[in-house]
Each structure stands twice: as C-alpha cells, then as structure tokens.
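Chemist: Questions regarding the structure given below will be posed in turn.
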Amino acid sequence: MSMSYTLAIAIQAGVPILTWGPPGVGKTATITMLADGLTLPLEVVLASIREPSDFSGLPVIGEEGVRMEPPAWAHRLVLAGKGLLFLDEISTAPPAVQAALLRVVLDRVVGDLALPASVAVVASANPPEQAVGGWDLSAPLANRFCHLFWSLDSQGWVDGMIGGWSNSALPHLPSSWKNSIPEKEVLVASFVRHRPHLLLQVPKDEGQAGKAWPSPRSWSMTARLLAAAESVQAEEDVIASLTAGCVGEGACLEFLAWRRDLDLPDPEEVLANPTYLQLPDRGDQAFAILMAIVTAAVGSLTEERWSAAWCVLARASEHGNKDIAAVAAKKLAQARKPELSIPLKELEEFAPLLQKGGLV
C-alpha cells in the first residue's frame, strides 16, 4: 500500500505522525493532497523558522493576569472545528522549539488554547545527515509520534505523472471504528504481560532515541492504530508499518509474530456457547483469550452475556487457570450494572479476591 493510504488511517485515528524521508520525495505535496481528500483545513507551520513562543504562546497582560496568546493558525483551526496541522522540517527545529512542541503534539494545546480533538498532527523530517543544521529529535518528542519512513514507488509516481493524482483510493474509517479499541488494548496488554521487558526500552543512543521505541504511550498508540487499520481491512504491511512506527522494528516483529500464533477464538461465539471453550495450555494464549472474552462482554453487557462470561471464567479456574481467570474476573466485576444478578456459583472461586477489592 502507498504511504498516503497508511497516513490516511493514522490521521483519522488521531495519532500524531512523523514522516521521515530525503528532500524532494513529496512529503509536503502528499500531506496537502491528503488534507484535500479528507476535507480537512490545512495549516502548514515551518518549525525550523519558528520561536518557542509560536507554540507555547506569547505572554499578554490582561485584567485576569498573564495569558499565553496562541498564533493565528491555532485560532483558525479552533474556528474550523477540525483540521490538519502540518509541522514541516521538524528535525531542523532547535531544541527549545522541540520542547515547546511537546504539548502541541500530545495534548493539542497551543499557548492557553486547546485545539479540537479532531485536529490531526503530522510532521515531516529529513534524516539529520541530510538536513542543513539538523538536530536529533529529543526522546520525549520522538515518543509522541508514530514514525513512518518514506519509500519511493517509482511505478506509482510514473502513473501519477501520466494519469494524474487521485484521492479515490484513500480509506475512510467507519464511524464505529473506536468500538474495537478496548479489544486491541487487551491484545497489546496480553503481549506485554508475556514480554514485560518490552514495555519500556529507551534507547541509549541519541539518534535511536529520536525514532520509534517501546513505551506505555507508544503501545497505547499501537492499539489505537490496530483498531483503525483493521476497521478498513488494511493489509498486513500497513499494520506492520504503523506498529513499527510506534514501538520500533524489534518490538514490532516480536508482537506481530506472537499475534499470528495466538489463534484466538471469536469472543462472540464463546459468549454464545460458553461451555464449549477449551483453553490452550500456553498461559499467554489463555490470558489473551479470557481478557478478549471479558472485554467483548463488557462492551455490550446484558444479563445473558454477563452470565456467560462468568461461566467461562469459572471453567477456566476449574481447569488450572485460576490466576489468569482472577485478573479477568476483576475486570468483569468492575463493569457490573445494578440490575445484573450475582452468579453465586461461578463467583465462588473469586469471592475472596473480589471482596478484598470491594467489588462484591
């Protein structure tokens, strides 16, 4: 898939993106085309010639004290209610400007002005060796982005030059795409539980610290992007690019290989027939399955699904997965609605744990 396809998914998912590539590959032109295709007002800000106050705001004295007044482009995005903020040449922004960008990228706050949640943030950078007066990105700023590396598609470029550039192939996320975020968060959490050392790995090398690496923040971004990509049936290479862009190549390869080997059953089928589930012997697989089932039940909690989920957890506990089932039982108990009955028989195994936590 093309870079524009991958970028379109990330923009609609609301995850900040940093595109890396040499000068002249069409980064700015592609972003302009994407903004047009997604009907988003575009604000281009050249980070390399800006001052920290262009992002942190200029101090203005008023009746209520000093306020940090944001620039005009921030006001335009607020007025539009949506948009795409494109931070060009971010790798040539000095360290003080990079520090001022931290809240803009993550919290979408410029000075004392909060940008709408529907404003997407995309930045571009040239590799330091190809940027005049370039700096490595600071680790805190780099970890706020999903990093995508530009690869030239010569045939696609030739076709575009001859036949024109088209937005018709851009994916558009369905309105329900966020519904699967909890499921993907459970998947990512199950992997990290299996490989806990991959939760946080800050590179010691400054150059690598300015790229993608695993952290709680970047794993959360991964879950969000997985939900967005799978909602449009994105191909595996797109999912791999987005995952590697968040947590780096090494963690990405381990996660995708583990994900392929899981062979998870459909949670909805299990909730419909809870007595048919046979958990695997592998603890990480069993944990992922039980958490996926509970997450699905909580997402649409009825009396039948509530009872079915407790039936699954009780069977898991009886068959030697008590510790794993207890974690899922705590999540399920926290989601209980007042009108749902307490399944005393199934809860018996977990009663001490739940009573200790004040959940029953």
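The values are calculated or read from the model by the stated rules, or taken from the named source; none is laboratory data. It should be emphasised that the depicted structure is a prediction, and the values quoted were computed from it without experimental measurement. Here the Cβ positions follow ideal geometry from the backbone for every residue, glycine too, while neighbour counts run over all protein chains shown.
Chemist: Restricting to region 25-80, what's the tally of residues that are in contact with a helix residue (DSSP H, G or I) (Cβ under 8 Å, 6 or more places away or on another chain), hydroxyl-bearing (Ser, Thr, Tyr) and either surrounded by fewer than 16 Cβ atoms within 10 Å (Cβ to Cβ) or closer than 20 Å to residue 106 by Cα (or both)?
Modeler: Total satisfying the criteria: 3.
Chemist: Kindly indicate whether any position in region 195-206 is under 18 Å from the mean Cα position of the chain (by Cα) and closer than 23 Å to residue 11 by Cα.
Modeler: no
Chemist: Here's another thing I want to ask about it. Being more than 25 Å from the chain's Cα centre (by Cα) and at pLDDT 90 or above is the requirement here; does residue 346 meet it?
Modeler: no
Chemist: Being over 25 Å from residue 294 (Cα atoms) and either in contact with a strand residue (DSSP E or B) (Cβ under 6 Å, 6 or more places away or on another chain) or touching a residue at least 24 places away in the same chain (Cβ under 8 Å) (or both) is true for just one of 202, 192, 188. Which residue is that?
Modeler: Criteria check complete, one pass: 202.
Chemist: Which members of region 106-131 meet the condition of being out of contact with any helix residue (DSSP H, G or I) (no Cβ under 7 Å at 6 or more places or on another chain), closer than 19 Å to residue 11 by Cα and either part of a helix (DSSP H, G or I) or among the aliphatic types (A, V, I, L, M) (or both)?
Modeler: Answer for region 106-131, where residues must be out of contact with any helix residue (DSSP H, G or I) (no Cβ under 7 Å at 6 or more places or on another chain), closer than 19 Å to residue 11 by Cα and either part of a helix (DSSP H, G or I) or among the aliphatic types (A, V, I, L, M) (or both): 106, 107, 114, 117.
Chemist: Would you confirm whether any residue within region 81-90 is part of a loop (DSSP other than H, G, I, E, B), more than 26 Å from the chain's Cα centre (by Cα), buried (at least 19 other Cβ atoms within 10 Å of the Cβ) and assigned by TED's automatic domain parsing to the domain that holds residue 170?
Modeler: Looking through region 81-90, none of the residues is part of a loop (DSSP other than H, G, I, E, B), more than 26 Å from the chain's Cα centre (by Cα), buried (at least 19 other Cβ atoms within 10 Å of the Cβ) and assigned by TED's automatic domain parsing to the domain that holds residue 170.
Chemist: Can you tell which of 228, 223 is touching a residue at least 40 places away in the same chain (Cβ under 8 Å), assigned to a helix (DSSP H, G or I) and in contact with an Asp or Glu (Cβ under 9 Å, 6 or more places away or on another chain)?
Modeler: Answer to the selection: 223.
Chemist: For residues that are aliphatic (A, V, I, L, M) and in contact (Cβ under 8 Å) with a residue 24 or more places away in the chain, scanning just region 231-257, find the one that is nearest to residue 138 (Cα to Cα).
Modeler: Looking at the filtered set, the residue picked out is 247.
Chemist: Another question, if that's okay. Restricting attention to region 58-69, does a residue exist that is closer than 25 Å to residue 249 by Cα, in the same structural domain as residue 216 (by TED's automatic domain parsing), modelled with pLDDT of 75 or more and touching a Lys or Arg at 6+ places or on another chain (Cβ under 9 Å)?
Modeler: Looking through region 58-69, none of the residues is closer than 25 Å to residue 249 by Cα, in the same structural domain as residue 216 (by TED's automatic domain parsing), modelled with pLDDT of 75 or more and touching a Lys or Arg at 6+ places or on another chain (Cβ under 9 Å).
Chemist: Suppose we keep only residues that are among the acidic types (Asp, Glu) and surrounded by 18 or more Cβ atoms within 10 Å (Cβ to Cβ) within region 141-194. Which one would you say is modelled with the lowest pLDDT?
Modeler: Checking each candidate, the answer is 183.
Chemist: Next question. For the list (1) surrounded by 13 or more Cβ atoms within 10 Å (Cβ to Cβ); (2) more than 27 Å from the chain's Cα centre (by Cα); (3) hydroxyl-bearing (Ser, Thr, Tyr), I need the number of the one condition that residue 341 fails.
Modeler: Here residue 341 clears every test but (1).
Chemist: Okay, next question. Hey, can you tell me all the residues within region 166-194 that are over 15 Å from the mean Cα position of the chain (by Cα), of a type in the set (S, T, N, Q) and assigned to a helix (DSSP H, G or I)?
Modeler: Passing the criteria: only 190.
Chemist: Next up: For region 231-253, name all the residues that are buried (at least 16 other Cβ atoms within 10 Å of the Cβ) and not small (Gly, Ala, Ser).
Modeler: Across region 231-253, the qualifying residues are 232, 238, 239, 242, 243, 246, 247, 252.
Chemist: For region 278-316, what are the residues that are of a type in the set (D, E, K, R), closer than 27 Å to residue 177 by Cα and surrounded by fewer than 18 Cβ atoms within 10 Å (Cβ to Cβ)?
Modeler: 284, 303, 304
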